[in-house]
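Below is one structure, written out as structure tokens; the observations come after it.
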Amino acid sequence: MATSRSRTPATQELDDLYVELRSCRRCPRLVAWREEVGRKKRRAYQDETYWARPVPGFGDPRARLLIFGLAPGAHGSNRTGRMFTGDASGRFLYPALWRAGLASQPHSENRGDGLELHGVYITAAVRCVPPGNKPTRAEFAACSVWTARELTLLLGLRVYLALGRLAHDALLEHHGLVKARFPFAHGAEHTLPDGRVLLDSYHVSRQNTQTGRLTAAMFDEVLTRAKALAGLN
């Protein structure tokens, strides 16, 4: 799922990593749930074959900005096999990336729609859809192995944009940092010991965007700051 207008050595390594990821069955609860969702399907997608496997990261292997979410959506990423693709969260996120000049188009409905990201990579703390959108601590820990390997290959990263408190906390745990020293808040900005910057946003979930807790203007402001810190202007 690593894509770029020109391939790099990291592209092949990411692709190899995701071949491994697709066969991961470490978390029995998540395996059972992702496959049950894929069998039962939503009525609107009855004619589609659900991905129903761990969802790989997606974007530019030379990325300076990482967008870090929580987990795949049941009928979005778990259906399409690409992060934030085919659901309400993606219909909020990708237009924002397009407005910011970081995406080639403002929509993302399936893996073959031609979308490319510029200077951005998207992944999540947990790679399989969890029941109730609530991973357990053990599931976060199991998936952290994939995060560690993935981030090692994204050598150009300067900025993390965490979508929601749980994604924020997962990034801090990845770096072995004390959460109390880096409190989550929408628009918060933290310089990490390695020099990278962690920015926070409320998650782009339907619940947040439809209630007005997160507006397009609010997210655009955070994204503009992320671009500047990453040197993507």
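The values are calculated or read from the model by the stated rules, or taken from the named source; none is laboratory data. Note that the structure is predicted; figures quoted are calculated from it, not measured. Because the Cβ atoms are built from the backbone with ideal geometry, glycine has one as well, and the counts that use them run over all protein chains shown. Ligands, DNA and RNA are excluded from the accessible area calculation, which covers all protein heavy atoms including side chains. Shrake-Rupley method; radii C 1.70, N 1.55, O 1.52, S 1.80 Å.
General observations
- Pick from region 166-194, criterion surrounded by fewer than 17 Cβ atoms within 10 Å (Cβ to Cβ) and without any contact (Cβ under 8 Å) to a residue 12 or more places away in the chain, ranking: nearest to A148 (Cα to Cα): G176
- Answer residue from region 1-15, given it is open to solvent by 80 Å² or more (accessible area, probe 1.4 Å) and not in a helix (DSSP H, G or I) and is modelled with the highest pLDDT among those: R7
- With respect to the stated conditions, R62 is of a type in the set (D, E, K, R) and out of contact with any helix residue (DSSP H, G or I) (no Cβ under 7 Å at 6 or more places or on another chain).
- Qualifying residue in region 141-153 (condition: farther than 12 Å from A125 by Cα, open to solvent by less than 40 Å² (accessible area, probe 1.4 Å) and not acidic (D, E)): yes
- Just one residue in the set W33, W51, W98 is open to solvent by 10 Å² or more (accessible area, probe 1.4 Å), under 20 Å from F219 (Cα atoms) and out of contact with any strand residue (DSSP E or B) (no Cβ under 9 Å at 6 or more places or on another chain); that residue is W98.
- Flag for R82 being at pLDDT 95 or above and touching a helix residue (DSSP H, G or I) at 6+ places or on another chain (Cβ under 8 Å): no
- The set of residues in region 16-53 being basic (K, R) and in a loop (DSSP other than H, G, I, E, B) consists of R25, R26, K41, R42, R53.
- Residues that are assigned to a helix (DSSP H, G or I), of a type in the set (V, I, T), under 24 Å from E13 (Cβ atoms) and free of Cβ contacts under 8 Å to residues at least 24 places away in the same chain do not occur anywhere in region 67-84.
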